[in-house]
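Encoded as structure tokens, the structure appears first; notes follow it.
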Amino acid sequence: MDDQEKTIELDMSNIPQHIAFIMDGNGRWAKKRMMPRTYGHNEGTKTIRKIALEANRLGVKAMTVYAFSTENFARPQDEVQFIFKLPKTFFELYLKELIENNVKISLIGHLELAPEATQNIIKEAIRQTKDNTGLNLCFAFIYGSRDEIVCSTKEIAQRVKEGLIDVDDIDENYFQSTLMSSHLPDVDLMIRTSGEQRLSNFMLWQLAYAEFIFTPVCWPDFDEKELHKAIWLYQNRDRRFGGLK
Ligand code: FPP
């Protein structure tokens, strides 16, 4: 442990409510070990468990993980199929423990585009955890932020067309309430692993006032210590939400 890590002491009264992760670098992590990319994705699921349990312990209310983007369909078929099998691996291994820790599972994205077996596994995890009150672990799965915004816009247009609402009823809160992610608070902290510094169509609306942290660590190596470091950095940022202090 280096000096900075030794001195990390988190302010427990200022824990981010919602942390969103772009879990990047699984493929490169595996390649470095001369293993197939799928090995990296498999290790990545272990990181989700580890970080969810620690976030829950710290009192974080919501954690969203970018598990599959609408653009990821462009990957080789065997990799796509492998990722679609990961929910089964993940929930078979960890659902019991997540339930014991009061974690609730949710999802944003087009689950209907996944194979039926994958849909059923995820729906079952959501059902079994629906009354839990701890961390909301949300999988962004077959998700794209622009698509989410377009879906909301269409829904609102339809409601106006049917005379259910007036154009003047539409404000930021109303728009937010129609998003797939309406059950989640705004993101406070966004962490992208593996050194890439872009958003890749992830939660564009929800990240409006988030603090961003880009770490060179690849997702399979991201651990509790890295999470603490990121929260410490967040706590030392000056969040002004457009105002003055
Ligand atoms: C990016 O790494 C990561 C992904 C595409 C996500 C893979 C999915 C998981 C780790 C977990 C899914 C789990 C469940 C339960 C749904 P990359 O392949 O882009 O890495 P690279 O940039 O090094 O190639």
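Just a few scattered comments:
- Conditions (1) closer than 24 Å to residue 204 by Cα; (2) without any contact (Cβ under 8 Å) to a residue 60 or more places away in the chain; (3) not charged (D, E, K, R): number failed by residue 76: (1)
- Only one of 73, 84, 90 that is more than 18 Å from the chain's Cα centre (by Cα) and part of a helix (DSSP H, G or I): 73
- Matching residues in the stretch 86-99 - criterion: being within 11 Å of the ligand (Cβ to nearest atom) and surrounded by fewer than 16 Cβ atoms within 10 Å (Cβ to Cβ): 88, 89, 92, 93
- Within the stretch 176-203, being surrounded by fewer than 22 Cβ atoms within 10 Å (Cβ to Cβ) and β-branched (Val, Ile, Thr) holds for one residue alone: 178.
- Note on the stretch 152-175: among residues that are surrounded by 15 or more Cβ atoms within 10 Å (Cβ to Cβ) and closer than 20 Å to residue 110 by Cβ, the one that is farthest from the chain's Cα centre (by Cα) is 156.
- Options 11, 3; residue that is over 17 Å from the mean Cα position of the chain (by Cα), open to solvent by 30 Å² or more (accessible area, probe 1.4 Å) and either at pLDDT below 95 or basic (Lys, Arg) (or both): 3
- Residues satisfying the stated conditions in the stretch 208-237, i.e. more than 18 Å from residue 46 (Cα to Cα) and either open to solvent by 50 Å² or more (accessible area, probe 1.4 Å) or in contact with a helix residue (DSSP H, G or I) (Cβ under 6 Å, 6 or more places away or on another chain) (or both): 208, 209, 211, 212, 213, 214, 216, 232, 233, 236, 237
- Any hit, the stretch 141-154, residues being hydroxyl-bearing (Ser, Thr, Tyr), assigned to a helix (DSSP H, G or I) and free of Cβ contacts under 8 Å to residues at least 24 places away in the same chain: yes
- Residue in the stretch 54-64 that is modelled with pLDDT of 95 or more, within 7 Å of the ligand (Cβ to nearest atom) and either open to solvent by less than 40 Å² (accessible area, probe 1.4 Å) or part of a helix (DSSP H, G or I) (or both) present: no
- Residues that are within 8 Å of the ligand (Cβ to nearest atom) and among the charged types (D, E, K, R) within the stretch 11-37 comprise 24, 28, 31, 37, listed in sequence order.
- Residues in the stretch 27-53 that are aliphatic (A, V, I, L, M) and in a helix (DSSP H, G or I) were compared, and the one that is farthest from the chain's Cα centre (by Cα) is 30.
- Residues that are touching a Phe, Trp or Tyr at 6+ places or on another chain (Cβ under 8 Å) and of a type in the set (D, E, K, R), drawn from the stretch 116-134: 124
- Subset tally (residues that are over 13 Å from the mean Cα position of the chain (by Cα), of a type in the set (Ser, Thr, Tyr) and either away from the ligand (no atom under 13 Å from the Cβ) or outside any loop (DSSP other than H, G, I, E, B) (or both)) for the stretch 179-237: 4
The values are calculated or read from the model by the stated rules, or taken from the named source; none is laboratory data. Quantities reported herein were computed from a predicted structural model and do not represent experimental measurements. Using ideal geometry, Cβ is built from the backbone for each residue, glycine included, and neighbour counts are taken over all protein chains shown. Each accessible area value is taken on the protein alone, full model and side chains, heavy atoms only, with ligands, DNA and RNA left out. Shrake-Rupley method; radii C 1.70, N 1.55, O 1.52, S 1.80 Å.
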